[in-house]
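Here the structure is laid out as structure tokens; the discussion comes afterwards.
The values are calculated or read from the model by the stated rules, or taken from the named source; none is laboratory data. Please read all numbers here as calculations on a predicted model, not as lab measurements. Here the Cβ positions follow ideal geometry from the backbone for every residue, glycine too, while neighbour counts run over all protein chains shown. Ligands, DNA and RNA are excluded from the accessible area calculation, which covers all protein heavy atoms including side chains. Shrake-Rupley method; radii C 1.70, N 1.55, O 1.52, S 1.80 Å.
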Amino acid sequence: MSPASERILLVDSYDSFTFNLASLCRRAAPACQIHIIKNDQLTLPELLPFLRCFSAIIVGPGPGSPDVSKDIGIVKHLWKLDDCHLLPIFGVCLGLQSLATEHGVSVSRLPVVKHGQVSIVEHTGTDIFKDVGMVEAVRYHSLHAELKGDEGLEVLAWASDDAGHDKTVMALKHINRPFWAVQYHPESVLTQGGGIEVMLNFWRLARLWNATRGRRIHPWNNMGNLGTPWPNPYPPLASIHTTFPRAVLTSAFHLPSIGAVGICELLGVKDESSPFVMLESLSQPARYSIIGCLDSASARIRYSIGDTFLQFQMGDSFSQIQLGSHDIWSWTSAFMNEHKACSGTSNIPFWGGLIGYLSYEIGVESLGVPSTAPPADKRHPDMNLVFVERSIVLDNETDTVYLQSIIDGDEEWLIETAGRLKLTEDTSSYSYNIAPSSTKVRSTTSTVILPDKDVYVSRINIAKEHLYAGDSYELCLTANTRVVLDDPLTSKPSRTYSSSWERYKHLRELNPAPHSGYLRLHPTTILASSPERFLSFSRPPRSTYQLRPIKGTVRKGPGITRAVAEQVLRGSVKEVAENLMIVDLIRHDLHNVVGEDVEVKQFCTVEEYKTVWQLVSVIEGQAADGTDELDSRRANGALGWEVLRRSLPPGSMTGAPKKRSVEILQTLEDSERNVYSGVFGYWCVGGGGDWSVTIRSCFKHDDRYNCQPSSKGTPSTSSSTDPDAHVEEWVVGAGGAITALSDPQAEWEEMTIKLQSVLRVFGAAIPRGN
């Protein structure tokens, strides 16, 4: 009989670095199968029968305290296993604190919190540190163990750079039982010397302990399911139909004298009653601008969290589709499977497909965190998408225009539209690329309702208390500012209602951004000027999934050279720590879906944009060959959609660990974020996708043109159709990452600076004294 496969049990305490740790385990033990369970998933009696099938247990990190039952769950019982169930255990961070607590060691707060900071770790050179040289370790903790010497534990490593402490414990072992633990994070991207080296030593010691005691690993026969195996092949869709993909019809030509603005106006963007979508690149590193050529038959998909149905609209046909066995994510994936296309121009990122936005709350729902808003407050759909069959893509580097259609036999539209564009170019007297604004902005037209400064500052202090307590490493606290337009802007001698399009044109002049966008998907309109790409994925096969978090910004100005920006950003412990925490969180999210192949391509590089310097990291992943090939044969890009689902809400807008941070933020913020800090972008029928974080943006609710289902299931329009009776109210969200090093006054000022770039669109300014 062949020996049983070796297995590792990884206990997850709801952390956002768990899959990084799983990846580290696989590097140390490539042939080992890893099973992951939550720390409250099973009781000890339920778990015990499975332990004979495992070679070792890894107790992962997590938020909270080792002496709080809901934080630690089953972990506290593992250190007291009886001899017949005993097996090697390795703890990380909270795992070390739990080992210490269960053996009578006092765990208390550090004088200075260490979240995302690197320390030199000294060690004994024995046990898990055998043959290990210098260790530079990333620390994410505010609590530490204080040994007296009689608890049955031995210190293996320590740090000497903490104020008020000669030595802070960094690693322990039990003197009689096969237990080892580290306080730092061996799985962090910046840990050097004490990561894979220590995990290899633990695996060696664990196998040696099992062998010398004659502990036989039992086969898994008839043991059923335990946790989630990792890497976990992407599960198939609930129903997969082989659909012959449609061909993309394309016409390309050089058109240097008309830009995105001119094309949009030619297509009727000024008609506020109709839907319109444009994703625009106004600065590097983005390159293409995408315009949806919509008509009354363009399919609309709207969904609100908590509903068991979605709203599907095509022209005057309106239906509520029950999700049934689907959730909204798998339903959308199945929809895209039925609308695949091929044969488009390979270097053009979008051939047609879904364009729109996903709210912050739809990501919160995917974490299993319930909404705190009453249903009556849900004015904006959480998923609001339109299916684009005709599109125009502008290559801003070459001034090439690509007309595209995925409608069979649509050559006539290509010819007609090309003729209209060329005629417009011939008769243009100036370039539309950066068209002069036709809107005269007057500050008297706007009422700005800012968050209460004292309340905001007090919540920063509450957030910091959570950080000191170990509940989170970083919290992205935000607040909404409302702009009420009592007097519409004036664009002509006579009073006219200033359209959202005119405001967008002003925004793109004031704050040109690589990920700009104008999305008018009633009842929601978004004016976006985001600097941050969230997730892009290339077409399969061998798709690359890339995330580009931004943490750290310096506005350009006199004397702010690249060298100065480098010093301010890369030289700041706080800025680098913020970026590192999100990088490690994103690595975890990617590992969760694609498996082992995740790499940080760029860490904390200062990039130059038109108005700012920013600290940017780049993380990329690729799925295993078999998984990616399966994705390319069915719903093109379904794996990218799954990466998006499991990565929301954006970690740069929550903090880490993500689930606990979101729960804390719900207690610190007055209202749901809605569109703000969600994502907007596209999913192409060819399988690619690109989604940006909805920041430096504003949005409004406008139900004057919104179709709602009547009691008979047919569409009816809102009765509020008089523009003169309509009062515009725009929402601008802003905030910042709160760490233990944050200064409340500085955080308030940072939030108001971010607001100002958008408020200028309304001729508004932050009142003095704020």
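A Förster distance of 25 Å, applied to the separation of the beta-carbon atoms of residue 271 and residue 309, puts the FRET efficiency at 0.25. Within the set (1) 35.5; (2) 62.6; (3) 57.4, the number that mean projected area of the Cα convex hull in nm² takes when calculated for this structure is listed as (1). Of all DSSP bridge pairs formed entirely within the range 7-213, close to 60 percent run antiparallel.
Roughly how many Å² is the accessible area per residue of the range 7-213, as a whole number, for a 1.4 Å probe? Don't skip to the end; give the middle numbers.
Numbers: 7270 Å² over 207 residues.
With all protein chains present, the range 7-213 gives 35 Å² per residue.
Calculated mean residue ellipticity, 222 nm, the chain: -7500 deg cm²/dmol, from DSSP H runs (n ≥ 4) at -39500 (n - 2.57) each, averaged per residue and rounded to 500.
Need one word for the range 7-213: rounded, prolate or oblate. Basis is the Cα gyration tensor (sqrt eigenvalues a ≥ b ≥ c); a/c below 1.5 gives rounded, then a/b vs b/c decides. Rounded, since a/c falls under 1.5. Computed over protein heavy atoms with a 1.4 Å probe, the carbon and sulfur contribution to the accessible area of the chain reaches 50%.
Lysine pair count for the range 7-213 with Cα-Cα distance under 28 Å and sequence separation of 8 or more or different chains is 27. Computed on the range 301-413, the Cα convex hull volume stands at 161 Å³ per residue.
Between the listed residues 470, 325, 23, the Cα displaced farthest toward the positive end of the dipole of the chain, a dipole computed from Cβ unit charges relative to the Cα centre, is found at 23. Placing dummy labels 7 Å off each Cα toward the beta-carbon, the span from residue 323 to residue 122 is 5.6 nm.
Estimate the FRET efficiency between residue 148 and residue 85 by the formula 1/(1 + (r/R0)^6), using the beta-carbon distance for r and 25 Å for R0, to the nearest 0.05. Once the sixth-power term is evaluated, E becomes 0.30. Compared with the alpha-carbon gap, the fully stretched path from residue 452 to residue 567 is longer by 38.1 nm at 0.36 nm per residue.
Highest mean first, the peptides 38-51, 457-470 sorted by other C-beta atoms within 10 Å per residue fall in the order 457-470, 38-51.
Here the simple spin-label model places points 7 Å from the Cα toward Cβ, and for residue 420 and residue 703 these points are separated by 3.3 nm.
For residue 671 and residue 743, a Förster radius of 25 Å and the Cβ-Cβ distance give a FRET efficiency of 0.45, rounded to the nearest 0.05. Give the lysines whose C-alpha is closer than 18 Å to that of residue 453, dropping any in the same chain fewer than 8 places away, or say none. In chain and number order, the partners are 464, 754. Each Lys and Arg contributes +1 and each Asp and Glu -1, all at the Cβ; summed about the Cα centre of the chain, the dipole is approximately 460 debye.
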